[in-house]
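Structure, as C-alpha cells:
Nothing in this text is a laboratory measurement; each read-out follows from the coordinates by a stated rule. Nothing here was measured: the structure is a model prediction, and the numbers come from that model. Quick reminder, even Gly has a Cβ in these numbers, built from the backbone with ideal geometry, and neighbours come from all protein chains shown.
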Amino acid sequence: MKKETVEERVIELLKSFNSFNVEIDRSKKLVEDIGLDSLTMLQLITLLEQKFNISILDNEINRKNFADVESLLNFILSKAT
C-alpha cells in the first residue's frame with residue numbers, strides 16, 4: 001500500500017477524533033495536539049484494524065507507535081506490508 005494512501009486514510013480517521021479542531025499533519029501528537037484519550041485511542045485502533053486489515057497486538061500499543069501522526073503512519077505501513 002502506498003504511503004500517500006495510508007496517510008490520507010489515517011488523517012481522515014483522525015479528523016473524526018480531533019477534539020481540538022487543529023489542522024492534522026504528520027507532526028501532530030495524538031494525545032496532546034489532537035486530543036485522543038484512552039477511549040478514543042481504543043476506537044481508533046479498532047478502526048485502523050478494520051480499515052487496513054491488520055492486527056494490532058497489545059504490546060504494540062505504546063508511545064513509540066502512537067506518539068504522533070508520523071509514528072502512527074510508519075507503524076501502519078510496517079504492519080500492512
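Residue pairs whose Cβ atoms lie under 7 Å apart, sitting 6 or more positions apart in sequence or on different chains, and linking a residue in the stretch 61-74 that is of a type in the set (D, E, K, R) to a partner that is outside any helix (DSSP H, G or I), are Asp68/Ser27; Asp68/Lys28; Asp68/Lys29; Asp68/Leu30; Glu70/Arg26; Glu70/Ser27. Residues in the stretch 1-57 that are surrounded by 15 or more Cβ atoms within 10 Å (Cβ to Cβ), of a type in the set (Ser, Thr, Tyr) and in contact with a strand residue (DSSP E or B) (Cβ under 7 Å, 6 or more places away or on another chain): none. Filtering the stretch 57-80 down to residues that are touching a Ser or Thr at 6+ places or on another chain (Cβ under 9 Å) and not in a strand (DSSP E or B), which residue is farthest from Ile24 (Cα to Cα)? If we take residues in the stretch 57-80 being touching a Ser or Thr at 6+ places or on another chain (Cβ under 9 Å) and not in a strand (DSSP E or B), then Lys79 is farthest from Ile24 (Cα to Cα).
Of all positions in the stretch 38-53, none carries a residue that is in contact with an Asp or Glu (Cβ under 6 Å, 6 or more places away or on another chain) and not charged (D, E, K, R). Checking each residue in the stretch 33-81 for being within 13 Å of the chain's Cα centre (by Cα), farther than 17 Å from Ile11 by Cβ and among the acidic types (Asp, Glu) picks out Asp37, Glu49, Glu60.
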